[in-house]
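J.: So that we are looking at the same thing, I have put the structure below in structure tokens.
The values are calculated or read from the model by the stated rules, or taken from the named source; none is laboratory data. Bear in mind that the values here come from a model prediction, so they are computed numbers and not experimental data. Just the protein is used for accessible areas: all its heavy atoms, side chains included, with ligands, DNA and RNA removed. Shrake-Rupley method; radii C 1.70, N 1.55, O 1.52, S 1.80 Å.
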Amino acid sequence: MNTHAEGLDFGEAERDFSAVDKVRVVEALSRVLPAGTLMYETEDLRPYECDGLAAYRALPLVVVLPTTETQVVAVLHICFELGVPVVARGAGTGLSGGALPHTRGVLLSLARFNRILKLDPVARTAVVQPGVRNLAISEAAASHGLYYAPDPSSQIACSIGGNVSENAGGVHCLKYGLTVHNLLRVRGATIDGEIVEIGSGALDAPGYDLLALVTGAEGMLLVITEVTVGLVPRPQLAQCVLAAFDDVVRAGDAVARIIAAGIIPAGLEMMDQPATAAVEEFVRAGYPLEARAILLCESDGTPEEVAEEIARVWAVLEASGATEIRVSRDEAERLRFWAGRKAAFPAAGRISPDYYCMDGTIPRRRIGEMLSAIEQMEARYGLRCMNVFHAGDGNLHPLILFDANQPGELERAEAFGAEILELSVALGGTITGEHGVGLEKINQMCVQFTTDEVRQFFRVKAAFDPPGLLNPGKAIPTLNRCAEYGRMRVSRGQVSYPELPRF
Ligand SMILES: Cc1cc2nc3c(=O)[nH]c(=O)nc-3n(C[C@H](O)[C@H](O)[C@H](O)COP(=O)(O)OP(=O)(O)OC[C@H]3O[C@@H](n4cnc5c(N)ncnc54)[C@H](O)[C@@H]3O)c2cc1C
């Protein structure tokens with residue numbers, strides 16, 4: 001791998017790819033790809049024009065659907081030689097525009113890399129291709145009493161390659177960790193076509209922890225071609241506690257108190273009243289509609305462990321002022337409690353033509369403050385917001401409801417979202433919990449990080465991708481962009497936040 005990062009600084013300006021010639025690219029690719037794996041007619045490109053952040057759309061120059069690693073390497077070689085940008089794509093469920101195509105680039109879909117290569121129940125590992133769906137791993141492991149713990153709500157569709165690239169989380173990540181904590185090995189190709197293996201089949205690997213570096217790299221360092229994940233035993237029992245509160249701040253404080261009591265539940269989620277109302281109409285989960293907020297708190301383990309933990313959780317909830325506490329009586333009721341939470345995004349889609357899902361993370365003890373601030377923002381921007389979040393992790397998912405057909409509403413929703421993210425930073429948190437930066441939060445990277453830190457990010461990228469061809473324009477802002485965004489915030493009077501904490 002070339003590592004001549006010194007002296008390179010892609011951080012000063014956006015790169016110009018106007019010299020890329022479509023005919024040349026198509027001719028070169030058609031020499032290395034079999035029939036049916038290369039598309040360049042507009043109607044064939046249209047399905048790839050956006051990911052889950054549908055407000056941003058762009059048609060790529062071409063789409064390739066390779067089926068072997070050799071084909072991936074050949075595509076990358078050509079792009080390297082011709083100076084063509086490459087955007088890798090899994091299932092396209094990302095919510096930050098990470099898989100948005102480059103108009104002068106190749107959209108490299110890993111959808112056909114959909115095989116589970118090896119499942120070892122003794123080592124409790126699975127070797128899978130990157131296009132395998134998250135849930136498919138647990139389905140394949142079920143007969144061995146095992147499952148893959150990270151469970152994004154999109155798990156029925158999203159791919160493991162996308163999960164690694166976004167460091168995806170989910171309800172059970174509070175106890176079992178994010179993607180990065182359940183990953184053993186990644187194999188992939190760099191832009192110049194070199195195959196690299198990072199991590200190992202064992203619990204640790206020699207050298208620097210590059211596995212953590214490539215997890216959450218948003219397709220900017222490698223194209224992932226194979227992943228080894230760890231599997232965990234299915235717990236004997238899981239039960240879910242549903243607690244109602246007549247005040248959102250009290251519900252937020254209860255979350256902090258549960259963790260402070262030394263309890264790490266299998267899941268700890270919160271929904272406010274607009275969210276429970278929307279969900280209840282949709283899936284009838286049995287939520288108390290008069291509550292201003294509800295918490296869902298799951299315990300798993302042996303029956304004895306679950307009974308003991310639930311007793312402790314109950315005591316904390318009572319002391320925190322819960323107005324009602326229910327424990328799921330059987331598996332069907334537990335699944336019903338969760339069905340509501342898992343249906344929150346589609347429920348937002350039922351009551352509003354469009355919604356914008358934000359993803360800031362804040363210290364748990366500041367949840368109440370954030371919710372009060374969001375209420376004020378709703379009035380100021382004239383838009384409604386439903387709040388659902390992975391409360392145990394302090395990971396917010398405010399769903400801002402808007403109608404893109406109404407002039408100015410999309411822009412107001414974006415400004416509303418930007419304010420939530422920037423407040424997350426000011427409260428001691430970060431602009432993303434699990435959805436990544438992509439294009440969506442690129443301006444807020446300038447708020448979270450200093451110019452020097454942004455320069456270091458570009459150096460890391462250049463060590464893997466010297467010409468800057470993998471997913472250019474995403475996740476790391478150019479310094480020009482940051483300077484421009486800084487000027488804009490000053491003119492909007494938005495630089496009044498206290499000195500920002502650094503991580
Ligand atoms: C309804 C809904 C609910 C969601 N809930 C959650 C949730 O609970 N938790 C959560 O974390 N996310 C959630 N998401 C977001 C999304 O599902 C995740 O970010 C997921 O990890 C994206 O996977 P994907 O296969 O769709 O990736 P894509 O959207 O295709 O790509 C995402 C990024 O990964 C890169 N990439 C993809 N494959 C590769 C590869 N093989 N090599 C290199 N780079 C690659 C892309 O370039 C892009 O930058 C949700 C989305 C939706 C629509």
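J.: When the solvent-accessible surface of protein heavy atoms is calculated with a 1.4 angstrom probe, in what order do T103, T190 fall, highest first?
T.: Sorted by accessible area, descending: T103, T190.
J.: Does the stretch 226-368 classify as rounded, prolate or oblate by the C-alpha gyration tensor (a ≥ b ≥ c root eigenvalues; a/c under 1.5 gives rounded; else a/b over b/c gives prolate, otherwise oblate)?
T.: rounded
J.: With the cut-off at 1.5 for a/c, could you classify the stretch 66-114 from its C-alpha gyration tensor as rounded, prolate or oblate?
T.: Oblate is the answer for the stretch 66-114, as a/c is 1.5 or above yet b/c matches or exceeds a/b.
J.: Then there is this: Under the classification rounded if a/c is under 1.5, otherwise prolate if a/b is larger than b/c and oblate if not, where does the stretch 330-436 fall, given a ≥ b ≥ c as square roots of the Cα gyration tensor eigenvalues?
T.: Oblate.
J.: Over the stretch 245-295, calculate the relative contact order: mean separation of alpha carbon pairs under 8 Å at least 6 apart, over the residue count, as a percent.
T.: Relative contact order for the stretch 245-295 comes out at 54 percent.
J.: Okay, moving on. What do you reckon, how do R133, R366, R234 stack up by accessible area (1.4 Å probe), largest on top?
T.: R234, R133, R366
J.: If I take every Cα pair under 8 Å that is 6 or more residues apart in the chain, average their sequence separation and divide by the length, what percent do I get for the relative contact order?
T.: 16
J.: Sticking with this structure for a sec: How much accessible surface area, in Å² rounded to 10, belongs to the heavy atoms of I224 with a 1.4 Å probe?
T.: Accessible surface of I224 is approximately 20 Å².
J.: Provide the convex hull volume over Cα atoms per residue for the chain, in Å³.
T.: Each residue corresponds to 153 Å³ of Cα convex hull volume.
J.: Provide the solvent-accessible area of L213, counting protein heavy atoms only and rolling a 1.4 Å probe, rounded to the nearest 10 Å².
T.: The accessible area of L213 comes to roughly 70 Å².
J.: Quick one: how many lysine pairs in the chain have C-alpha atoms under 29 angstrom apart, if they're 8 or more apart or on different chains?
T.: 10
J.: Heavy atoms of the protein only, probe of 1.4 Å, neighbouring chains included. What is the accessible area of W338 in Å², nearest 10?
T.: Spelled out: W338, probe radius 1.4 Å, area about 20 Å².
J.: Here's something else I'd like to know. From the helices alone, meaning DSSP H stretches of at least four residues, give me the mean residue ellipticity at 222 nm for the chain, per-run term -39500 (n - 2.57), in deg cm²/dmol to the nearest 500.
T.: Calculated mean residue ellipticity at 222 nm is -11000 deg cm²/dmol.
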